[in-house]
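Everything on this sheet refers to the single structure shown next.
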Amino acid sequence: MSQSLPKLTPEMLIPRMGEYIVQKKLITEEQLQTALAYQQEKVARGEHYLLGQALMDLNLLDRDALDQVVTEQIIQLRSALQSSNRNLDQRVKERTSELNEALQRLSELSKMKANFVANISHELRTPLTHVKGYLELLVTGSLGVISEDQRHALQVSQRATTKLESMIEDLIMFSLASRGEMSMKLDKVDIRRIVSLAVTSASNKAEERGVQVRAAISENIPMVQADPEKIGWVLNQLLDNGIKFTPSGGSVVIALQEEGHNLVILTVTDTGIGIPLDRLKEIFEPFHQLDGSSTRHYGGTGLGLSLVRQIVEAHGSLLDVQSVQGKGSIFKFPLLAVRE
């Protein structure tokens, strides 16, 4: 049978009680050592034997004196514990206050950044509009006859301004999202049409890179509840991203599939370079590129996927990402079906 646990006594709660009794001059150091040796003999024989009992059995200390010592020690311990708790509470309050101040400062800095991005982006719009307008006049010959070499140079400039305009629009959308000002105009949307438009829009870039892009749409896909402009932007971004990171000969497929009676699942699958598992979360950080070197092979502001996730979540949905490095990636999210 197992032995029963010893009964808890006040003396068992007091650390270094012998030293305290010596300090009180109730016994000498020699008497303490005698009592400790006597206690050890009892313990060696398997007895549960405390120092206080040894002191009393050796007539070195009476019960009243022992109880007084124990009481004093317990009071001191309780006082020390209360003081420690007060100090801990104060430290917690101080650290909480510091954390709140840091969070407030971070919020202010984030707001300042968003305002700066918004202001500078809007300011860039006007001169860019002028540049685009004059380039169009030059290319069409409205300002005089130009040579083929000049026309080619102007067309290159036109493509560059189109890319710059897209980047500015991304910055403006990011600043709106950062300030919680990106509005959603939810409506009943023909998602099949939006997917088809996105594929058509991406076809030229895909062809230039030697990548096949296509849609795989199940039959009888219902309408969905969405902001058509924002969801169209999301699909364009996901297709553009897939094409950008897929080598020549690969493919990007956007699929629509009904799940249950209430959801339509949108999936964009590519056969590109993939994303390391330990870096999946990084792709959603604004202004962040996994290839951060000064000679990045892939362009972009690093805002695309950050905005994609924010827009998807603003629809009450969640963006799921699966990827295998060297084999490709899958981006998937559901939208609410709308039936007659």
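Since every read-out is calculated from the coordinates, none of them should be taken as a lab result. These figures come from a predicted structure and were not determined experimentally. FYI the Cβ positions are ideal-geometry reconstructions off the backbone, even for glycines, and counts take in every protein chain you see.
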Working out 0.36 nm times the residue gap between residue 162 and residue 257, then minus their Cα-Cα distance, what length gain in nm do you get to one decimal? 30.9 nm
Dipole of segment 34-95, Cα-centred, from +1 at each Lys and Arg C-beta and -1 at each Asp and Glu C-beta, to the nearest 20 debye? 500 debye
Which of the GluC sites (Glu not before Pro) found in segment 191-273 are loop residues per DSSP with 14 or fewer other Cβ atoms within 10 Å of their Cβ? 219
If the viscosity is 1.002 mPa s and the temperature 20 °C, what Stokes-Einstein diffusion coefficient in µm²/s follows for segment 214-269 when Rh is the Kirkwood radius over Cα pairs? 172 µm²/s
Would you mind putting 83-94, 234-245, 271-282, 189-200 in packing order, based on average other-beta-carbon counts within 10 Å, highest first? 234-245, 189-200, 271-282, 83-94
For residue 25, give me every one of the aspartates and glutamates with a C-alpha distance below 16 angstrom, ignoring sequence neighbours fewer than eight places off in its own chain. 62, 64, 67, 72
Under the Karplus relation 6.51 cos²θ - 1.76 cosθ + 1.60, θ = phi - 60°, what is the ordered set of whole-Hz ³J(HN,Hα) values for segment 150-160, x standing for Gly and Pro? 5, 4, 4, 5, 5, 5, 4, 5, 4, 5, 5
What does the net charge come to around residue 328 if you take all other residues with beta carbon closer than 14 Å to its beta carbon, with K and R at +1 and D and E at -1? +2
In nanometres, the difference between 0.36 nm per residue of separation and the alpha-carbon distance of residue 24 and residue 63 is 12.5 nm
For a quick check: with amide H placed at 1.01 Å from N, whose amide H comes under 5 Å from residue 49's, ignoring anything fewer than 5 positions away on the same chain? none
Cross-link table 132/244; 132/205; 205/230; 163/188; 205/281; 163/244, entries beyond 19 Å C-alpha to C-alpha: 132/244; 132/205; 205/230; 163/188; 205/281
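Beyond 26 Å, what share of the Cα-Cα pairs of segment 115-262 is found? Please give it as a whole percent.
Counting every Cα pair in segment 115-262, those more than 26 Å apart make up 45 percent.
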